[in-house]
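Asker: Right, I'll just put the structure down here and ask away after.
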């Protein structure tokens, strides 16, 4: 038996299968510093322990996306080592905030399987749950990926396409225990615009652009212990479809989220990932721009101090976002669009 | 009203205006590790908690320049987002050392305004003060920048060119509380040369050179949450004046300071920034060399264990520093000079 | 007297000479995060405080190679600043695990000197010992380097080629105090293969490949405060023998060790470095692959829960490792081989 892991192929998955993923990971202040160095995030809630304390937390939480990337990274060796494409996300919910010192593990359940008609590949749907050392949920989400079959002739026992939620309901959003916005200092936070100031349908050009380097996306992806080969090996990727290393889609989510500070500076916490699609691949040398649309304003039951915004975050490559590019006139994905992400943030309300 | 910050233009500033800058920042051991990875600093005082304890501190302080960069970074969105050039520094003083865990904020006062004769731009002078979570000053300095006007026709209410100190006096240098050099171990520190061994007028070639990569300067600049667009966006900078991303001047200061260890290994702490000028721009691929000149030897009132050296630190690009290049025969800045920095360090004296 | 350190030349060393190296270094969680970002290591023992606790430790130790690099880095300014080549390692033993917060220092003894017949260079053998702040040994090893003479005519007082151990005996391996494998969770660790499942002579292709970037190897090498000029200065190296910056050999050891997780996932701790050679130089842009051979299975006296494997770890550049490339048909080093490393790991045994 070979001692190296060649990953699961489509026919290796079973509906209802539970997977305990390897490599528990203690998240530290070192990860927080690297997150800042890689993305330049400026949300005061994660940047400053004092600011987080002023909102009722004991310390500054780790960026929600850093927690997501750690939890996601663990699933790769079991779920997507033989993936052709990462197709989408749905029903993602952030639970208790991750603090430096917490140890995260991930478990997944296979909730859907659908072979493609060519029998070369199939789509695997997994619900993955990240938990901290006391067993509390930190993030829970569904993703689906197209995975190669080892043997096109292999039969698939049971197939099912799961019902996926359109978005996470306001009542299901988790507000961290003890959090209150009574002493929220918008000057320190860097934006005067609170929940009340945003309107459904409003679109925001985040203006700035960030060029990606190979060293950066590889350091990020290794930090999350994500082992997908396409990100790291120029020797093989140079001979592949794109001739280049492909960038981990999560890197683009984090870049776009950091860019979105300029216009959404008080969107201090991500509460849900409603959906998301990596529309086109990105490569080192690409410059990422971003724009947002307010999809929905959500009141949070029982809370007058904070509300939620459901946002569409669109990232573009090598094209400023002022034209709010999304689709071609023919209704196809515009080739400049690299990310179409639907998520929900918490934001203070005016007293 | 647009939700994105387009920064202040020259006519937006007022003499005496106070600015509370956004994004408080808790500095951690993660930042310290990144500082080492980016610059390779070898001063034992900041490298080793045990060494710092042997000098009377509770733990190793964060590098003074890291503190400076954090404090500086906060001013960018308010002061220099529309800057044409960062013209100079003066009257900089380091206060209480920054320790991992401290949270820094920055406030500025506009102390000078001078419109240029073309009316397209003007010079803004700000005194910026970084403080920790208990309100203690960690660094305080003046910088002046040339900032674009939004509207050339806009009138400027009141102008003033402030008096700037030539250098910080010895009596104004802050020696950290409890610091003593009685047990200073020069072997562990890596240099046998103490304060007594340096002479005014002495010049030191720091010998080594460091080549800059795009990923490094962008990670550094994001770590300090410095948002100046020219450092990050190849898509626009490629069409700009230089065709390339410009490197944050502070990155060069930190590289030159780290190079200066070889010759100034016992200059364990920066006490003052007397002045400084980014003489020419730098770009990825440039190799930085440095030389120093001892401008002045300063006794510190009441201290027999440590003295101060006022130093000129000159950084060159793509040219070794053995010729102590500074000016052309015509008295202009030599094109290889990228930094001319006047600062004051603390150094142990012989018992 | 010049204030810059130009390093020792061959004739400056004396048999029995003791060197206290400069720059004590407190290792932190920041270094741990950078190690993960640079190498993507997935050994659960160093990744997770909870996992380390389940094996009886108080917290997750710092990666053994990170400790090695820190200890090694300190020796460079004294031992190898004028080195032509780093020839080999022997007799390396890891002592007490390094924990975040520990401060490391290095002392060396010159145990061998042998002038080359051309009288331009000689080989220096040093035993270097890294200790923590309480004086406990953390790693102890011999390396030998070819060092230039300042003056070919200089006489060498006493020469000696030391006897070097072939490998570290099982009885000399240090098992961390309190460590037990009774609760070792192989699923969380990411590999079902325990000590019992490996056989002497077995070879493992680690499959994956990693492409090296300039920013990465320079950040790593600076993190270890390794000052060897060839790694950092493109301005001079561009005119040198290779036309490029040379990569620190230890960077390749860490890459190869991280790749070896895929096939040796339960080799949770390095106990010894028996020998090692940097066979060919590596440069940015190279893609590193690795394979291992089990040289020996060692029982550890008095331990039924863990055993040791003596492994050969071979790294290749720009060539997959499935052919287990090592020598040419003529018995010379294959030009693709960059590292031939002989080390001993601890691994849990089946109950």
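The values are calculated or read from the model by the stated rules, or taken from the named source; none is laboratory data. Owing to the predicted nature of the structure, the values given are computational and were not obtained by experimental measurement. Every residue, glycine among them, receives a Cβ derived from its backbone with ideal geometry; neighbour counts consider all protein chains shown.
Asker: Exactly one condition in (1) surrounded by 24 or more Cβ atoms within 10 Å (Cβ to Cβ); (2) away from every other protein chain (no Cβ under 14 Å); (3) under 17 Å from the mean Cα position of the chain (by Cα) is false for residue C:316; which is it?
Answerer: With respect to (1) surrounded by 24 or more Cβ atoms within 10 Å (Cβ to Cβ); (2) away from every other protein chain (no Cβ under 14 Å); (3) under 17 Å from the mean Cα position of the chain (by Cα), residue C:316 is out only on (2).
Asker: Failed condition for residue C:59, given (1) farther than 30 Å from residue C:210 by Cα; (2) surrounded by fewer than 23 Cβ atoms within 10 Å (Cβ to Cβ), with all others met?
Answerer: (1)
Asker: For region B:24-82, list the helices (runs of 4 or more DSSP H) that sit wholly inside it and hold at least 3 residues that are more than 11 Å from chain C (Cβ to nearest Cβ); which are they? Outline the logic, then answer.
Answerer: Working: elements: B:29-39, B:44-47, B:49-54, B:64-75.
Of the helices (runs of 4 or more DSSP H) lying wholly inside region B:24-82, those with at least 3 residues that are more than 11 Å from chain C (Cβ to nearest Cβ) span B:64-75.
Asker: Give just the number: which of (1) closer than 22 Å to residue C:175 by Cα; (2) touching a strand residue (DSSP E or B) at 6+ places or on another chain (Cβ under 8 Å) does residue C:99 not satisfy?
Answerer: So residue C:99 meets the others, but not (2).
Asker: Determine whether residue A:100 is more than 14 Å from chain B (Cβ to nearest Cβ), in contact (Cβ under 8 Å) with a residue 24 or more places away in the chain and surrounded by fewer than 24 Cβ atoms within 10 Å (Cβ to Cβ).
Answerer: Numbers: more than 14 Å from chain B (Cβ to nearest Cβ): no; in contact (Cβ under 8 Å) with a residue 24 or more places away in the chain: yes; surrounded by fewer than 24 Cβ atoms within 10 Å (Cβ to Cβ): yes.
Taking the combined requirement at face value, the residue does not satisfy it.
Asker: For residue C:228, are the conditions met, namely being modelled with pLDDT under 95 and touching a strand residue (DSSP E or B) at 6+ places or on another chain (Cβ under 9 Å)? Walk me through it before giving the result.
Answerer: Working: modelled with pLDDT under 95: yes; touching a strand residue (DSSP E or B) at 6+ places or on another chain (Cβ under 9 Å): yes.
So residue C:228 fits the description; yes.
Asker: For residue B:202, work out the one condition from (1) crowded, with 19+ Cβ neighbours inside 10 Å; (2) more than 27 Å from residue C:76 (Cα to Cα); (3) within 13 Å of chain C (Cβ to nearest Cβ) it doesn't fulfil.
Answerer: Here residue B:202 meets the rest and fails (1).
Asker: Also: Yes or no: residue A:190 more than 10 Å from chain B (Cβ to nearest Cβ) and on the phi > 0 side of the Ramachandran plot?
Answerer: Values: more than 10 Å from chain B (Cβ to nearest Cβ): no; on the phi > 0 side of the Ramachandran plot: yes.
Criteria not met by residue A:190.
Asker: Does residue C:25 qualify as being in contact (Cβ under 8 Å) with a residue 60 or more places away in the chain, in contact with a helix residue (DSSP H, G or I) (Cβ under 8 Å, 6 or more places away or on another chain) and surrounded by fewer than 24 Cβ atoms within 10 Å (Cβ to Cβ)?
Answerer: Values: in contact (Cβ under 8 Å) with a residue 60 or more places away in the chain: yes; in contact with a helix residue (DSSP H, G or I) (Cβ under 8 Å, 6 or more places away or on another chain): yes; surrounded by fewer than 24 Cβ atoms within 10 Å (Cβ to Cβ): no.
For residue C:25, the condition - in contact (Cβ under 8 Å) with a residue 60 or more places away in the chain, in contact with a helix residue (DSSP H, G or I) (Cβ under 8 Å, 6 or more places away or on another chain) and surrounded by fewer than 24 Cβ atoms within 10 Å (Cβ to Cβ) - is not met.
Asker: Check whether at least one residue in region C:251-273 is within 22 Å of residue B:214 (Cβ to Cβ), assigned by TED's automatic domain parsing to the domain that holds residue C:319, assigned to a loop (DSSP other than H, G, I, E, B) and in contact (Cβ under 8 Å) with a residue 12 or more places away in the chain, and report yes or no.
Answerer: So the first thing to find is which residues in region C:251-273 are within 22 Å of residue B:214 (Cβ to Cβ), and the list is C:251, C:255.
Still in the list and also assigned by TED's automatic domain parsing to the domain that holds residue C:319: C:251, C:255.
Applying the additional criterion that residues be assigned to a loop (DSSP other than H, G, I, E, B) yields none.
No.
Asker: Turning to a different aspect of this structure: Yes or no: residue C:226 touching a helix residue (DSSP H, G or I) at 6+ places or on another chain (Cβ under 8 Å) and surrounded by fewer than 24 Cβ atoms within 10 Å (Cβ to Cβ)? Lay out the reasoning, then the answer.
Answerer: Numbers: touching a helix residue (DSSP H, G or I) at 6+ places or on another chain (Cβ under 8 Å): yes; surrounded by fewer than 24 Cβ atoms within 10 Å (Cβ to Cβ): yes.
It is true that residue C:226 is touching a helix residue (DSSP H, G or I) at 6+ places or on another chain (Cβ under 8 Å) and surrounded by fewer than 24 Cβ atoms within 10 Å (Cβ to Cβ).
Asker: Does residue A:327 qualify as being surrounded by fewer than 23 Cβ atoms within 10 Å (Cβ to Cβ) and free of Cβ contacts under 8 Å to residues at least 12 places away in the same chain? Steps first, answer last, please.
Answerer: Values: surrounded by fewer than 23 Cβ atoms within 10 Å (Cβ to Cβ): yes; free of Cβ contacts under 8 Å to residues at least 12 places away in the same chain: yes.
Spelling it out, residue A:327 is indeed surrounded by fewer than 23 Cβ atoms within 10 Å (Cβ to Cβ) and free of Cβ contacts under 8 Å to residues at least 12 places away in the same chain.
Asker: While we're here: What number of residues within region C:308-336 are part of a strand (DSSP E or B) and touching a strand residue (DSSP E or B) at 6+ places or on another chain (Cβ under 6 Å)? Can you show your working first?
Answerer: Taking region C:308-336 as the starting set, the residues that turn out to be part of a strand (DSSP E or B) are C:308-317, C:327, C:333.
Applying the additional criterion that residues be touching a strand residue (DSSP E or B) at 6+ places or on another chain (Cβ under 6 Å) yields C:308-317.
So the count comes out to 10.
Asker: Can you tell me which residue is nearest to the other protein chains (Cβ to nearest Cβ) among those in region C:252-284 that are more than 30 Å from residue A:78 (Cβ to Cβ) and touching a helix residue (DSSP H, G or I) at 6+ places or on another chain (Cβ under 8 Å)? Give the derivation first.
Answerer: Of region C:252-284, the ones more than 30 Å from residue A:78 (Cβ to Cβ) are C:272-284.
Then drop every residue that is not touching a helix residue (DSSP H, G or I) at 6+ places or on another chain (Cβ under 8 Å), which leaves C:272-273, C:276, C:278, C:282, C:284.
Values: C:272: 21, C:273: 22, C:276: 22, C:278: 20, C:282: 13, C:284: 9 Å.
For region C:252-284, the residue satisfying everything is C:284.
Asker: Still on this structure, please answer the following. Within region A:274-286, which residues are assigned to a loop (DSSP other than H, G, I, E, B) and in contact with a strand residue (DSSP E or B) (Cβ under 6 Å, 6 or more places away or on another chain)?
Answerer: Hits for region A:274-286 are A:279, A:280, A:282, A:286.
Asker: Let me ask something else. Can you name every residue in region B:227-246 that is within 11 Å of chain A (Cβ to nearest Cβ), outside any helix (DSSP H, G or I), under 20 Å from residue B:280 (Cα atoms) and in contact (Cβ under 8 Å) with a residue 24 or more places away in the chain?
Answerer: B:228, B:244, B:245 - these are the residues of region B:227-246 that are within 11 Å of chain A (Cβ to nearest Cβ), outside any helix (DSSP H, G or I), under 20 Å from residue B:280 (Cα atoms) and in contact (Cβ under 8 Å) with a residue 24 or more places away in the chain.
This table checks each residue for (1) touching a helix residue (DSSP H, G or I) at 6+ places or on another chain (Cβ under 7 Å); (2) over 25 Å from residue B:215 (Cα atoms); (3) surrounded by fewer than 24 Cβ atoms within 10 Å (Cβ to Cβ).
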residue: A:207; (1), (2), (3): no, no, yes
residue: A:212; (1), (2), (3): no, no, no
residue: A:218; (1), (2), (3): yes, no, no
residue: A:222; (1), (2), (3): yes, no, no
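Asker: Considering only residues of region A:119-146 that are more than 20 Å from the chain's Cα centre (by Cα) and in contact (Cβ under 8 Å) with a residue 12 or more places away in the chain, which is surrounded by the fewest Cβ atoms within 10 Å (Cβ to Cβ)? It would help to see each step written out before you state the result.
Answerer: Residues of region A:119-146 that are more than 20 Å from the chain's Cα centre (by Cα), as a first pass: A:119-122, A:133-135.
Filter once more, so that each one left must be in contact (Cβ under 8 Å) with a residue 12 or more places away in the chain: A:119-122, A:133.
Working: A:119: 15, A:120: 13, A:121: 21, A:122: 24, A:133: 16.
My answer is A:120.
Asker: Mind listing whichever residues of region B:158-178 are assigned to a loop (DSSP other than H, G, I, E, B) and over 15 Å from residue B:125 (Cα atoms)?
Answerer: Residues of region B:158-178 that are assigned to a loop (DSSP other than H, G, I, E, B), as a first pass: B:158-159, B:161-169, B:173-178.
Passing the criteria: B:166, B:167, B:168, B:169, B:173, B:174, B:175, B:176, B:177, B:178.
Asker: Quick check on this structure: which one of B:209, B:249 is under 29 Å from residue B:324 (Cα atoms) and away from chain C (no Cβ under 14 Å)?
Answerer: Details: B:209 fails: away from chain C (no Cβ under 14 Å).
Matching residue, one of B:209, B:249: B:249.
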